[in-house]
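Q: First the structure, which I've put down as structure tokens, then a few questions once you've had a look.
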Amino acid sequence: MTRWIAVLLAAVGVAGATQAYAQETAASGPGTVVVTVIPGGATFFTEGKDTKGPSFGNYDLGGGVEVNFNRYVGVEGEVSGALGVSQDLLFSGSTSSLKTPNFLNYSGSLVVSAPNRSSVVPYVVGGVGGMSMFEEASLGINNTETFLTSNVGGGVKWFSGRWGLRGDYRFMTVRSKDDAPAFFGQETRYGHRLYGAVIINAVR
């Protein structure tokens, strides 16, 4: 009898610990709606192969909202700005210190998270959107130009209750336009975007 009571107590203890762990991991993971606030990051574009449009980097900030259908699959809408900074640019046959143009990026993406039940959540992401490049007369950009874009990448989210942190990388493709300025857009351009962000479980 004593042995059976001990077995029963052990079973109850294991069940209780398992339930507590499940509740803890569920509480520390992503909610139904997750807001991302991006205070800092960078976007780097590589040099054009044919037109020799210069390589350059901009400072990045923005935000996004992710709606999760379940713990593993969601969609995210994001708006971010890539702010121009002064840097040495090889353009029109000479190197000069010039300010790069400002960009506005907007995209919708599918987010697939790793099938784990942990506060650390790796994920992959891919989507499409648009990018507006604003006027910068010193570079021959006399109007706002808008391009179609696509992106693919991944990252890691870490949750602690309602709050968390996120690191994200995207490989970007910017589709060319025949009437784009010589500085950017006359051929398909490729870029790399990295950021660190604060995430908020807005709706559990």
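The values are calculated or read from the model by the stated rules, or taken from the named source; none is laboratory data. Worth saying up front: this structure is predicted, and the values here are computed from it rather than measured. Cβ coordinates were reconstructed from backbone atoms using ideal geometry, including for glycine residues, and neighbour counts include every protein chain displayed. Calculation scope for accessible area: heavy atoms of the full protein, side chains included, ligands and nucleic acids excluded. Shrake-Rupley method; radii C 1.70, N 1.55, O 1.52, S 1.80 Å.
Q: Using only helices, what value at 222 nm comes out for the chain when you add -39,500 (n - 2.57) per DSSP H run of length 4 or more and divide by the total residues, to the nearest 500 deg cm²/dmol?
A: Mean residue ellipticity, 222 nm, calculated: -4500 deg cm²/dmol.
Q: Could you look at the chain and say what percent of its accessible area is carbon and sulfur, using a 1.4 Å probe and all protein chains?
A: Here carbon and sulfur together make up 65 percent of the probe-accessible area.
Q: Further question: Rolling a 1.4 angstrom probe over the protein heavy atoms, how many square angstrom per residue are accessible across the chain?
A: In whole numbers, the chain has 51 Å² accessible per residue.
Q: Here is a further query. Within region 71-85, list the residues whose amide N lies under 16 Å from a label point set 7 Å along Cα→Cβ of residue 144.
A: 79-84
Q: Something else: Suppose every Lys and Arg Cβ carries +1 and every Asp and Glu Cβ carries -1, with no other charges. What dipole size does the chain come out with about its Cα centre, to the nearest 20 debye?
A: Working: 15 positive and 15 negative charges, 199 e Å.
Once rounded to the nearest 20, the dipole reads 960 debye.
Q: Give the residue list of trypsin sites (Lys or Arg not before Pro) in region 21-116 that are DSSP loop and have at most 12 other beta-carbon atoms within 10 angstrom. Walk me through the numbers before you get to the answer.
A: Details: sites: 49, 52, 71, 99; in loops: 49, 52, 71.
Those that pass, being in a loop and sparsely packed, are 49.
Q: If you take the charge dipole of the chain about its Cα centre, with +1 on Lys and Arg Cβ and -1 on Asp and Glu Cβ, which of 45, 69, 85 is farthest toward its positive end?
A: With unit charges placed on the Cβ atoms, the residue in question is 69.
Q: Give the span of region 52-130's Cα atoms along each principal axis, as three whole-Å numbers ordered largest to smallest.
A: Ordered largest first, region 52-130 gives principal extents of 53, 21, 20 Å.
Q: How would you classify the chain from its alpha-carbon gyration tensor, with a ≥ b ≥ c the square roots of the eigenvalues: rounded for a/c under 1.5, else prolate if a/b is greater than b/c, otherwise oblate?
A: prolate
Q: With everything on Cα atoms, drop me the angle between helix 2-28 and the longest principal axis of the chain, reported from 0 to 90° to the nearest 10.
A: With both axes taken from Cα atoms, the answer is about 20 degrees.
Q: Could you tell me the number of lysine pairs in the chain with C-alpha atoms less than 23 Å from each other, where the two lysines are 8 or more residues apart or belong to different chains?
A: Taking the chain as the scope, the lysine pair count is 5.
Q: Let me ask you something else. Given a Förster distance of 41 angstrom, what is the FRET efficiency for residue 202 paired with residue 152, based on the Cβ-Cβ distance and rounded to 0.05?
A: Once the sixth-power term is evaluated, E becomes 0.95.
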